[in-house]
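Here the structure comes first, spelled out in structure tokens, and everything after it is commentary.
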Amino acid sequence: MAGNSKEHQLSLRVYNTLQSLGCPLVDGLYLREADSVQELLCTPSFHRTDILKWICASICPSLKEKFSTIKSTHNEDLIQELTRFGYEMMLCKANDKDLIKGLAPPLRQLVFLEQLLMVIQADSSLCSGQNTSSGDEGVKNNDLLEELIAQDHLPDLYMLLDPACNPWPAHIREHLIRTHSAYSKNNGNHSKFSDIVSRSDQDSRLVSHGEESLTEAVALLKSTQSTLDELHKECEFLQSHSSGSAVLSPCALKLAISDMSQLMTAFGHIYNTDFKGYCQRAPPTLSSETTVFQSVHQLLHTCNTELEAVKQLSETSTSLTHTLQQLQTDRRYWSKGEKHTLPKQLEELKNRYMAFLSLHQS
């Protein structure tokens, strides 16, 4: 029941948002039951597809022309185009056609629709703010123009358009200061003249500084443009110009930048709280005497081999000892029906061998 109530609340919220944004496909429906609204938004139908088309076209107006070229009989092409747009907005997978067709779980469909509508609301609020600010700026600009074109300021405008003299060079300023020093002392205008000269000097410095700043700005713009060109070459998704793909929409880029900013903020917080102490430690020094480790490894390998050989020798000795004990203790029958043990047998063999040697020597 909790899952159903959440789906019902979400479906009503999406439906009310569509009405507030002026979607023509929900005008005149007057749906009040949550089940009916959920059936409208989460059941496969042409009406649901048209609503999704209107939402996507409101986010990216260039899709209207593309939707108009797709015939009504080619529903699969339309589904593919809507899926591609949702993938560019990073709200679904590249092959998530069940979500576009309305075959996915209702909660997932409603979340997808709400995220798309949030983009429309953000764009509309941004546009309204820009229109308001542009209107205020227009009023201010009109007032400024009326003030400048007034009759009292016309001589100043003519003087600005055709100045009488340019800022004095350094050698002329020194000459004027030496020439008018006496008159300035007598008339008490030395400070005024010096102020005029210093002001002109300051203006010339500002002009030169402005030219240097402009040169630096141009160089910075060129380096930024080259960096952007290199990034554009590395980004394969910006270089796709096939018939089935389009240029990445600004809305998708805005959403990606927002996500990247949040991830960078989270990483910065984790780095400062957890990782910074470990990252500032000095790295361990590695010894260059690698032959020592190699010789130790060889000696350990030889030692293991010798231990294995000793183990096998011990096992063999134990086996031989056991066999000899059996041969010495077990009785065996020889000739003439007598029982002899191993020592008697060995003694008999020894006697026969000695007799054989004595006979051979004689």
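The values are calculated or read from the model by the stated rules, or taken from the named source; none is laboratory data. Everything numeric in this text was worked out from a predicted model, so none of it was measured. For neighbour counting, all protein chains shown are included, and Cβ atoms are generated from backbone atoms with ideal geometry for every residue, glycine included. Side chains are part of the model used for accessible areas, which takes the heavy atoms of the whole protein and leaves out ligands, DNA and RNA. Shrake-Rupley method; radii C 1.70, N 1.55, O 1.52, S 1.80 Å.
General observations
- When residues of region 24-57 are limited to those that are among the hydrophobic types (A, V, I, L, M, F, W, C) and without any contact (Cβ under 8 Å) to a residue 12 or more places away in the chain, the one surrounded by the most Cβ atoms within 10 Å (Cβ to Cβ): Ala57
- Near pairs, Cβ below 7 angstrom, 6+ apart or cross-chain, from region 254-267 (on the phi < 0 side of the Ramachandran plot and without any contact (Cβ under 8 Å) to a residue 24 or more places away in the chain) to any residue that is among the hydroxyl-bearing types (Ser, Thr, Tyr) and loosely packed, with under 10 Cβ neighbours inside 10 Å: none
- The condition (being on the phi < 0 side of the Ramachandran plot, more than 27 Å from the chain's Cα centre (by Cα) and loosely packed, with under 10 Cβ neighbours inside 10 Å) is satisfied by just one residue among Leu286, Leu300: Leu286.
- Being surrounded by 15 or more Cβ atoms within 10 Å (Cβ to Cβ), aromatic (Phe, Trp, Tyr), touching a residue at least 24 places away in the same chain (Cβ under 8 Å) and under 25 Å from Cys251 (Cα atoms) is not true of Tyr87.
- Here Ser68, Ser11 are screened, and the one residue that is hydroxyl-bearing (Ser, Thr, Tyr) and either modelled with pLDDT under 85 or in contact with a His (Cβ under 8 Å, 6 or more places away or on another chain) (or both) is Ser68.
- Per-region count, region 95-112, residues in contact with a Pro (Cβ under 8 Å, 6 or more places away or on another chain) and either open to solvent by 20 Å² or more (accessible area, probe 1.4 Å) or in a helix (DSSP H, G or I) (or both): 2
- Residue in region 11-23 that is under 13 Å from Leu107 (Cβ atoms) and open to solvent by less than 90 Å² (accessible area, probe 1.4 Å) present: yes
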